[in-house]
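Colleague: I'd like to ask some things about the structure below.
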Amino acid sequence: MIKTLLLIGLGGGIGSVFRYLTLIIVQKYYASIFPLATLITNVVGCFLIGIAISLLEKNNLVNSNIKWFFITGFCGGYTTFSTFGIENINLLQNNHSGLAFVYIGLSLITGLFAVWIGLTIAK
């Protein structure tokens, strides 16, 4: 149990650092009220989870430490669904409802597509 918690914590810490780096890189090249960094983070996270789950299943490692470190830890720390929620509330409260719905739609469609692509590539 302690080992699992440490693996999740380590992976989550690394994932959080990568999330921050994604934000910094996107802000350097893109300035807008549209939360592109969070969208990119969520799509990439979905893609990585798709690949990881497929590879773990293919190699019979679903209950391995890799799962705890990478899927629960790294991907959980990297993806930003709670940030996604507050950004949409902020867009709606600031009368940018059209942009909020575009963001929601893009996040759902591209996120699901990224998981499917990850699963397909890894098979």
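The values are calculated or read from the model by the stated rules, or taken from the named source; none is laboratory data. Given the structure is predicted, the values throughout are model-derived calculations rather than measurements. Quick reminder, even Gly has a Cβ in these numbers, built from the backbone with ideal geometry, and neighbours come from all protein chains shown. Note: accessible area is taken over every heavy atom of the protein model, side chains too, but ligands, DNA and RNA are not part of it. Shrake-Rupley method; radii C 1.70, N 1.55, O 1.52, S 1.80 Å.
Colleague: List the pair-distance distribution P(r) of the chain, using every Cα-Cα distance, as the percent of pairs falling in each 5 Å bin from 0 up to the bin containing the longest distance, rounded to whole percents.
Modeller: 2, 12, 17, 20, 19, 13, 8, 5, 2, 0
Colleague: While we're here: Which percent of the accessible area of segment 1-92 is formed by carbon and sulfur heavy atoms (probe 1.4 angstrom)?
Modeller: After summing per-atom areas, the C and S share lands at 72 percent.
Colleague: Quick check for you: which residues of segment 1-31 have the amide N under 20 Å from the point 7 Å beyond the Cα of Ser82 toward its beta carbon?
Modeller: From segment 1-31, the list is 5-24.
Colleague: What are the ³J(HN,Hα) values, in whole Hz, obtained from phi via the Karplus relation 6.51 cos²θ - 1.76 cosθ + 1.60 with θ = phi - 60°, for each residue of segment 27-35 in sequence order, with x given for Gly and Pro?
Modeller: Working through the residues one at a time gives 4, 5, 10, 9, 10, 6, 6, 6, x Hz.
Colleague: Less than 20 Å apart at the alpha-carbon level, and either on another chain or at least 8 residues along: which lysines does that give for Lys3?
Modeller: By straight Cα distance, Lys3 reaches Lys67.
Colleague: When the chain is treated as a GNM, springs tying every alpha-carbon pair under 10 Å, which of Ser32, Ser64, Ser16 comes out with the largest mean-square fluctuation?
Modeller: Looking only at Ser32, Ser64, Ser16, the largest GNM fluctuation is found for Ser32.
Colleague: Return the FRET efficiency for the residue pair Tyr30, Thr72: r is the Cβ-Cβ distance, R0 is 25 Å, and the value is rounded to the nearest 0.05.
Modeller: Efficiency, from the Cβ-Cβ distance: 0.25.
Colleague: Where is the GNM fluctuation largest for the chain (alpha-carbon springs, 10 angstrom cutoff): Val17, Val43, Val102?
Modeller: Evaluated over the chain, the most mobile residue of the options is Val102.
Colleague: Could you please tell me the mean projected area of the C-alpha convex hull for segment 1-72, averaged over all directions and given in square nanometres to one decimal? Could the numbers behind the result be given before it?
Modeller: Working: hull surface 20.8 nm².
One quarter of the hull surface, i.e. the mean projection, equals 5.2 nm².
Colleague: Here is a follow-up. Quick check on the chain: helices-only [θ] at 222 nm, where DSSP H runs of length 4 and up contribute -39,500 (n - 2.57) each and the sum goes over total residues. Nearest 500, please.
Modeller: It comes out at -25500 deg cm²/dmol, rounded to the nearest 500.
Colleague: Would you mind calculating the relative contact order of the chain from Cα pairs under 8 angstrom and at least 6 residues apart, reporting the percent as a whole number?
Modeller: Details: 147 pairs, mean separation 53.1, N = 123.
Relative contact order, the chain: 43 percent.
Colleague: A follow-up question, please. State in Å² the accessible area per residue of the chain; use a 1.4 Å probe, count heavy atoms of protein chains only, and round to the nearest integer.
Modeller: The answer is 61 Å² per residue.
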